[in-house]
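Notes follow once the structure below has been shown.
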Amino acid sequence: MSSKKAILVYILKILREQTDANNTLSQEEIRTILAETYGIIVDRKTLGRHLNELYESKEFDIDCEESAVGSDGSIRRTNFYMIHDFEDSELHLIIDGLLASRHINSHQRAQLIEKVSKLGSLHFKSHSANIETSIGFLQRSQDLFLNIELIENAIAHAKKISLAYYQPDVDKQLHVNLDLDGHERRYIFNPYHLVVNRGQYYLVGNHDNYSDMATLRVDRIGKVQILDESRKELRTIKGYKHQRTFDVVQYMKEHIYAFGGESIHVKFEAKRSIVNQILDWFDGNVEFTKVTPDIVECCVTVNKEAFKYWALQYLESVKVLSPASMVFEVREAIRDGLSQYI
């Protein structure tokens, strides 16, 4: 590496690591760092020429302060810094998302936060150390990211996958599902989309020996293998006969708990005081048909099992009106629950 190239490389390194819009360096400060840290001695004029070249090339996202000096209108440049791809506030948002993610373990989370933090300058301070999280008591597969990569590859090439599936038990450990002979059970799955729902990562698709859509927790999936066989066409899945492409946004609006199965039209009555929670849970996918100061009537298209679970959660504020089958199921669930306390 020539002397000039070496100086340019170290100048960029200094600006990338030690500067941002709020933390700049003068030419003299850069000259001092070059000498004390890298043993590179450069005179003021040479350094100024190199900094001007880097700044004027517009290829390295370098900025500075400019002021006119002298009667000839010459420009003096100082307080150089590098414009990073992410502002500190954006890095904090990314880290907040990692802290809220329930599908990665604490070690993986710490590694990712460390990598994200390096996208800023040395002055960027992650607030993750000051945030306590109770997420992730189970030991999850260290192959999580490899499994995600394989699943994405299978989705992109419309291929089936083979996988094992794990469930937690009272020992707070994950155990692989077994077949009737006590051997590890292998599932053939038709993958359509990866989605994030309330801090969990899910794979939406179809079990090969069933006709409806299902969801699997990605952090419970293991030993993924891409098969040569093409996955089922979407129109062969129950409820998707007239669809050519999978509408993941609509799917997530209807499947508020990421349960598999069919969606139905439901009408329910709710206290006006929980309208904000209704909008949050159904992501705005709700029609208010009758509104009074105290009561609101709502219509939603939603996953059947998910809605029953939701209605029981809001038992004191919600009354299901239709369909009759849902009214019956909720009523029976309430009776079964009440019997536990009699």
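The values are calculated or read from the model by the stated rules, or taken from the named source; none is laboratory data. This is a predicted model, so every value here is computed, not measured. We place every Cβ from the backbone using ideal geometry, glycine too, and count neighbours over all the protein chains shown. Please note that ligands, DNA and RNA were not included when accessible areas were found on the heavy atoms of the full protein model with its side chains. Shrake-Rupley method; radii C 1.70, N 1.55, O 1.52, S 1.80 Å.
Near the amide H of Met213, within less than 5 Å, lie the amide hydrogens of Lys238, Gly261, all on another chain or at least 5 residues away, with H placed in the peptide plane.
Relative to the current alpha-carbon distance between Glu149 and Glu269, full extension at 0.36 nm per residue lengthens the span by 38.8 nm.
Taking 0.36 nm per residue of separation and subtracting the current Cα-Cα distance, fully stretching the chain between Lys241 and His183 would add 17.3 nm.
In this Cβ point-charge picture (+1 for Lys and Arg, -1 for Asp and Glu), the chain has a dipole of about 580 debye about its Cα centre.
Counting only protein heavy atoms and using a 1.4 Å probe, the accessible area of Phe259 comes to about 70 Å². Extension gain, Asp171 to Ile83, is 26.7 nm, computed as 0.36 nm per intervening residue step minus the present C-alpha separation. The accessible area of Arg16, taken with all protein chains in place and a 1.4 Å probe, comes to roughly 110 Å². 3J(HN,Hα) along the stretch 337-342: x, 5, 4, 5, 10, 9 Hz, from the Karplus curve 6.51 cos²θ - 1.76 cosθ + 1.60 with θ = phi - 60°, whole Hz, x for Gly and Pro.
Figure note: His193, His242, His50, His107 ranked by solvent-accessible area, largest first, 1.4 Å probe, ligands and nucleic acids not counted: His242, His107, His193, His50.
Looking at the chain, the accessible area is 59 square angstrom per residue; that uses a 1.4 Å probe and ignores ligands, DNA and RNA.
For His193, the residues whose amide H sits under 5 Å from its own are Val204, ignoring neighbours fewer than 5 places away on the same chain, with H placed 1.01 Å from N. If you take the charge dipole of the chain about its Cα centre, with +1 on Lys and Arg Cβ and -1 on Asp and Glu Cβ, which of Leu216, Val275, Leu178 is farthest toward its positive end? The listed residue farthest towards the positive side: Leu178. Relative contact order, whole percent, for the stretch 238-323 stands at 37, derived from Cα pairs under 8 Å and 6 or more residues apart. Summary of the geometry: the stretch 238-260 and the stretch 158-214, compared by the centres of their Cα atoms, lie 18 Å apart. Go through Tyr187, Ala35, Gln111 and say which Cα lies farthest out towards the positive end of the charge dipole of the chain; charges sit on Cβ, +1 for Lys and Arg, -1 for Asp and Glu. Most positive-ward Cα: Tyr187. When percent of Cα pairs over 34 Å apart is calculated for this entry, the matching label among (1) 51; (2) 18; (3) 23 is (1). Considering all different alpha carbon pairs of the stretch 236-282, the Kirkwood hydrodynamic radius works out to 12.8 Å. The 3J(HN,Hα) values that the Karplus relation (6.51, -1.76, 1.60; θ = phi - 60°) gives for the stretch 24-34 are, in residue order, 10, 10, 7, 4, 5, 5, 5, 4, 5, 5, 4 Hz. Gly and Pro appear as x. Rounded to the nearest Hz, the phi-derived 3J(HN,Hα) couplings of the stretch 303-308 under the Karplus curve 6.51 cos²θ - 1.76 cosθ + 1.60 (θ = phi - 60°) are 4, 4, 5, 5, 5, 4, where x marks glycine and proline.
Using the Cβ of Asp228 as centre and a radius below 12 Å, the other residues enclosed give a net charge of +2, where K and R count +1 and D and E count -1. Dividing the summed -39500 (n - 2.57) terms of all DSSP H runs of n ≥ 4 by the residue count of the chain sets its mean residue ellipticity at 222 nm at -11000 deg cm²/dmol.
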